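These notes concern the structure reproduced below.
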Amino acid sequence: MRTLFIAGNWKMNLSKDESCKLGEQLRDAVGDAGDVRVAVCPPFVFLDPLGALLDGSPVAIGAQNMHPEIGGAFTGEVSGSMLKDVGCEYVIIGHSERRHVFGETEDFIAAKVTRALADGLKPIVCVGETLAQRESSETQQIVCRQVESALNGVDNDAMSLITIAYEPVWAIGTGRTAAPEQAEEVHAIIRSLISDLFDSGVADNVVIQYGGSVKPDNATDLLSRENVDGALVGGASLKAETFIPIIESARSIMQMGQQ
Ligand code: 13P
């Protein structure tokens, strides 16, 4: 059955007090999330208090990044097992800011996906084209290459733990959302690629989130599309007033589908 998965990527925002307050608001508001999965991805330093605060609630926590090595002399880095230790269920891997601001390569991203799975984490693998790539009609080629490379070491069974987030770079933090038809088109391409790389059962079940300026006023339209299985929300996940309505949109869509 279809699931919708709404995750908040807080990026490098909020203080400890603000993070905990938002965590409490979400825990109280989400209550029984029903068929909607919800997660928040705070900065590393707030994972531990958030993990404790949300323990036993339907709001899961995830990290925004991890290092692909088990441990050792990697100053400033955090391993997958450390994330697991503080209660993380998810980890975002290959976010466009990691690719474009920090120069992460496709091989490095693939290594993180493999390690995350070995450490018992569920990767949220981000892919997406830049504006220049879209304008030169390279969207399909870029997105397919990113998906194929990131999933290089993943087998059919482990695919049930993977979420793919399609985040067009030109829509992130710009207020310029992909039109629902544009998102749907790329999501369908990704699903068909997953069917080719794995099989149609894997493709039917893989969760493909959309990310890029998702707000309360566009969430229903995006989430209603057949191949859009959730949202990875940046700016609008920083406030209960904007994040909760997105979760509620997902819940309404699930309820309508069950009638
Ligand atoms: P915005 O929702 O702020 O555009 O960010 C999207 C994003 O990058 C989520 O990972």
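The values are calculated or read from the model by the stated rules, or taken from the named source; none is laboratory data. None of the values given here were measured: they were computed from a predicted structure. All Cβ positions, even for glycine, are placed from backbone atoms using ideal geometry, and neighbour counts span all protein chains on display. Just so you know, the surface numbers come from the protein's heavy atoms only, side chains and all, with ligands and any DNA or RNA stripped out. Shrake-Rupley method; radii C 1.70, N 1.55, O 1.52, S 1.80 Å.
Would you please name the residue that is nearest to the ligand (Cβ to nearest atom), looking only at residues in region 159-168 that are open to solvent by less than 40 Å² (accessible area, probe 1.4 Å) and outside any strand (DSSP E or B)?
E167
Among the residues that make up region 133-147, is at least one of them under 17 Å from V202 (Cβ atoms) and out of contact with any Pro (no Cβ under 8 Å at 6 or more places or on another chain)?
yes
When the residues of region 134-158 are filtered to those that are part of a helix (DSSP H, G or I), free of Cβ contacts under 8 Å to residues at least 24 places away in the same chain and more than 19 Å from the chain's Cα centre (by Cα), which remaining residue is nearest to Y210 (Cα to Cα)?
Q141
Can you tell me which residue within region 68-124, out of those that are more than 16 Å from the ligand (Cβ to nearest atom) and among the aromatic types (F, W, Y), is surrounded by the most Cβ atoms within 10 Å (Cβ to Cβ)?
Ranking the candidates gives F108 first.
Within region 4-60, how many residues turn out to be among the polar types (S, T, N, Q) and either in contact with a Lys or Arg (Cβ under 6 Å, 6 or more places away or on another chain) or within 16 Å of the ligand (Cβ to nearest atom) (or both)?
So the count comes out to 3.
Would you confirm, using the coordinates I've provided, whether A250 is part of a helix (DSSP H, G or I) and either without any contact (Cβ under 8 Å) to a residue 60 or more places away in the chain or touching a Gly at 6+ places or on another chain (Cβ under 9 Å) (or both)?
Here the answer is yes, as A250 does meet what is asked.
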